[in-house]
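See structure below.
The values are calculated or read from the model by the stated rules, or taken from the named source; none is laboratory data. None of these values were measured; they are calculated from a predicted model. Neighbour counts are summed over all protein chains in view; Cβ atoms, including those assigned to glycine, are modelled from backbone coordinates with ideal geometry. These accessible areas exclude ligands, DNA and RNA; they are computed on the full protein's heavy atoms, side chains included. Shrake-Rupley method; radii C 1.70, N 1.55, O 1.52, S 1.80 Å.
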Amino acid sequence: MSKTYGVGIAGLGTVGSGFLKQLKNFKTHSQKTANINVIKIAVKNLRKKRSLSVKSLPLTTDTMSLATNDNIDILIELIGGSKGIAYKVVKKALQNNKHVITANKALLAVHGNELSKIAEQNNVCLNYEAAIAGGIPIVKAVRENLRLNKINKIYGILNGTCNYILTKMENNAGDFKNVLNDAQKKGFAELDPTFDIQGIDAAHKITLLSSIAFDIPVNFKATFIEGITKIDKYDFVFAKELGYSIKLLSVASKKLSKIEQRVHPCFVKLKSDIAKVSNEINAVVVNDLVIGKNIFEGPGAGAGPTGASVMSDLMDIIRGTYNYPLGVSMKKRKKLKIQKIDDLSFPYYLRITAKDKAGVMAKISKALSKRKISIESIIQKPSKRSNFAEIILITHTVKESSLLSSIKQIKRLPEVSSSVKFIRIEDSL
Ligand code: HSE
């Protein structure tokens, strides 16, 4: 038996409990590996009721002491959040030459450049498999393997809460608010679901994937983010009629040294792989120039999947596997231009509520054709409002800035109600 590793765990929620369970199984079943000793577990509240017995656990409320304890070689940060104690304890631990494992995507999306620099300078690991898509080993796959093959696009479903809500809406379980309430009751959505439903959680994750896939600095501010709160059940009805599903899609791509980083609801073909990913499941598709397409699918959250990812990060450290936190050394990371959403082009779904009378369609067509936006298909449905109609258009590919100025003109038409909705379409998936 080789060296003994001292581990400090900060946070004992879902991920922490899942990890401790994994560790117990590992110690029972594994015979000839290193000793892992949990030295301290920092919690906010010693008296809190937990899903596991804490009687024999070395609990403390002094989180920062984990970063200075000489018996701790590896800090496992499972508190969450980009600010406050999570940031402080991780930074201090890295400065004190401790390896760090974290499940905290917000922390890395905001402070990833600074923290990875400290880890690199001190030659310690900063591993974060549990931070992106829970149990799917996507960090390992991209950071250690696939990036060598020149990745050109990563896309997928990186937020289980949103996918659960959208799946239920698609299956007629109700409108956004009812489905969200139901998801909260069943534990598939947080009591404060803001980060999930506004797309922020998925944006943290795709920002990190973009950095490790394309060897660029982490740039969360440049990621375009739009959540799912404006999607309603009628959008699903119209989407289905047109052969589409609606997903919260996260995309990172590189073309001619230009990067796209975006999270937004998207029409995807019903027969695409991504449309078939349902409920709380996550999926990541990686396209590269050597292998082509790899699809990863699995649970993106929960004690088992995230605990297993933390365990795998720990094993890497114990085996002596060192990877630069962001795939390549700081010096080799290149700052590439991240494109603004206005400059990207898509086909679009447009939904316009307008008075059902002669001439309206002609005016809408004029606003579109003025900017050379051509219509691929069109359907008209009765609206909930009497004497109004829902006009559903699918456009050919057009630059977003042109679409936005057409919408501005359409909204000014006296026959059109103020809400004109548009959803981007990814036809090539
Ligand atoms: N809240 C996330 C989700 C899981 O719903 O996918 C943690 O990243």
Which trypsin sites (Lys or Arg not before Pro) does the stretch 350-429 hold that lie in a coil by DSSP with at most 11 other beta carbons within 10 Å? K357, K372, K384
Normalised by the residues of the chain, what does the relative contact order come to in percent, with Cα pairs under 8 Å and at least six apart? 16 percent
Segment S65-L270, extension gain: residue separation times 0.36 nm, minus the distance between their alpha carbons: 68.6 nm
Suppose R0 equals 45 Å. What FRET efficiency, 1/(1 + (r/R0)^6) with r the Cβ-Cβ distance, do S377 and F296 give to the nearest 0.05? 0.85
Size of the dipole of the stretch 246-365 about the Cα centre, Lys and Arg at +1 and Asp and Glu at -1 on the beta carbon, nothing else charged, in debye to 20? 720 debye
Using a Förster distance of 25 Å, the FRET efficiency for M315-R50 (Cβ separation, nearest 0.05): 0.50
Identify the residues of the stretch 357-398 with backbone N under 16 Å of a label point that sits 7 angstrom from the Cα of V237 along the Cα-to-Cβ direction, or state none. 379-393
Measure up K177/K411; K271/K370; K83/K334; K92/K258 against 29 Å on the Cα-Cα distance and list the ones that go over. K271/K370; K92/K258
Angle between the Cα long axis of helix 160-170 and the longest principal axis of the chain, 0 to 90 degrees, nearest 10? 30 degrees
Springs between alpha-carbon atoms under 10 Å, Gaussian network over the chain: tell me which of I206, I72, I36 tops the mean-square fluctuations. I36
Which residue, L249, L115, L166, tops the fluctuation ranking in a GNM of the chain built on C-alpha contacts under 10 Å? L115
Residue among N127, N159, N69 with the largest mean-square fluctuation in a Gaussian network model of the chain, springs linking Cα atoms under 10 Å: N69
Leaving ligands, DNA and RNA out of it, rank E297, E226 by accessible area with a 1.4 Å probe, largest first. E297, E226
With everything on Cα atoms, drop me the angle between helix 105-121 and the longest principal axis of the chain, reported from 0 to 90° to the nearest 10. 40 degrees
Return the distance in nm (one decimal) between the two label points of a simple spin-label model at R385 and K370, each offset 7 Å from Cα along Cα→Cβ. 2.1 nm
Would you check the accessible area of L23, probe 1.4 Å, heavy atoms only, in square angstrom rounded to 10? 10 Å²
Solvent-accessible area per residue for the chain at a 1.4 Å probe radius, Å²? 46 Å²
Provide the solvent-accessible area of V360, counting protein heavy atoms only and rolling a 1.4 Å probe, rounded to the nearest 10 Å². 0 Å²
Along the stretch 262-269, what does the Karplus equation 6.51 cos²θ - 1.76 cosθ + 1.60 (θ = phi - 60°) give for ³J(HN,Hα), rounded to whole Hz, x for Gly and Pro? 8, 9, 6, x, 8, 6, 10, 4
May I ask you to rank S56, S17 by accessible area, largest first, using a 1.4 Å probe over the protein chains only? S56, S17
Nearest 10 degrees is fine. How inclined is helix 14-29 to the longest principal axis of the chain, computing both from alpha carbons? 50 degrees
Tell me the accessible surface of D175 in square angstrom (1.4 angstrom probe, heavy atoms of protein chains only), to the nearest ten. 50 Å²
With θ set to phi - 60°, apply the Karplus curve 6.51 cos²θ - 1.76 cosθ + 1.60 along the stretch 77-90 and write out the HN-Hα couplings as whole Hz, x wherever there is a Gly or Pro. 9, 10, 8, x, x, 8, 10, x, 5, 4, 4, 4, 6, 5
Please identify every one of the trypsin sites (Lys or Arg not before Pro) in the stretch 1-97 that sits in a loop by DSSP and has no more than 16 other beta carbons within 10 Å of its own beta carbon. K3, K32, K44, R47, K48, K49, R50, K55, K83
Sulfur and carbon atoms: percent of accessible area, the stretch 6-90 [1.4 Å]: 49 percent
Listed residues S374, S383 arranged by accessible area, highest first, probe 1.4 Å: S374, S383
Relative contact order computed over the stretch 5-131 (Cα-Cα under 8 Å; 6+ residues apart), in percent: 25 percent
So in the chain, what percent of DSSP beta bridges are antiparallel if you round to the nearest 5? 65 percent
For L180, the net charge from surrounding residues (Cβ-Cβ under 12 Å; K, R +1; D, E -1) works out to -1
Relative contact order of the stretch 342-426, please, whole-number percent, based on alpha carbon pairs below 8 angstrom and at least 6 residues apart. 48 percent
